[in-house]
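Read the structure below first, then the notes.
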Amino acid sequence: MEEKCLCEPTEILIFPCSGGSNVGQIANQAGVKLTQDGMGRFFCLAGIGAHVSGMVESTKAGKMLVAIDGCPVACAKKTLEHAGFNIDEYVQVTDLEIEKNHDLNPLTPDVEKVAQYLSTQISKRRAVL
């Protein structure tokens, strides 16, 4: 078992919610897609909430923090803010006209919609990093 954080600092860190609803899973899958598309690096929100020192330090070194929440409960946003971080780019899945339900198998078009929205926002900000 690895006892230390294997996270390396990177410019753009992506912190998705992975809550127990379709929109939480959409947020999570959008974070995966953004990472696979080279828009940033998926990071561990739970590690921030647990104050894991290596993860907190890697997050401090990031130049842009992206939070993706599924719903108005805003767990990702609140976790990052509670740890003292400022969020540079934020989206709530339900704000993109995706209705919350308890189906844990997110629809691909919904994941694409969130990922595309954030990809556009990140690209705009990335130009000034």
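Brief remarks follow.
- Selection within segment 78-119 - of a type in the set (A, V, I, L, M, F, W, C) and assigned to a loop (DSSP other than H, G, I, E, B): A83, F85, I87, I98, L104, L107
- When residues in segment 1-34 are screened for being at pLDDT below 95 and under 15 Å from N105 (Cβ atoms), 3 of them pass.
- Of the residues C75, C71, the single one that is more than 17 Å from I14 (Cβ to Cβ), at pLDDT 95 or above and among the hydrophobic types (A, V, I, L, M, F, W, C) is C71.
- Top-ranked residue in segment 75-129 [being in contact with a Gly (Cβ under 8 Å, 6 or more places away or on another chain) and touching a residue at least 60 places away in the same chain (Cβ under 8 Å); ranked as surrounded by the most Cβ atoms within 10 Å (Cβ to Cβ)]: V93
- Matching option when the condition is among the hydrophobic types (A, V, I, L, M, F, W, C) and touching a His at 6+ places or on another chain (Cβ under 8 Å), among A30, A83, A67, A76: A83
- Condition check for Q36 on (1) out of contact with any helix residue (DSSP H, G or I) (no Cβ under 7 Å at 6 or more places or on another chain); (2) polar (S, T, N, Q); (3) crowded, with 20+ Cβ neighbours inside 10 Å: one failure, at (3).
- Of all residues making up segment 83-120, the number that are modelled with pLDDT of 95 or more and either of a type in the set (A, V, I, L, M) or within 12 Å of A67 (Cα to Cα) (or both): 16
- Among the residues of segment 12-26, the ones that are over 18 Å from T59 (Cβ atoms) and not in a loop (DSSP other than H, G, I, E, B) come to 5 in all.
The values are calculated or read from the model by the stated rules, or taken from the named source; none is laboratory data. Just so you know, these numbers come straight off a predicted model, no measurement behind them. No Cβ is skipped: glycine too gets one built from the backbone with ideal geometry, and neighbour counts run over all protein chains shown.
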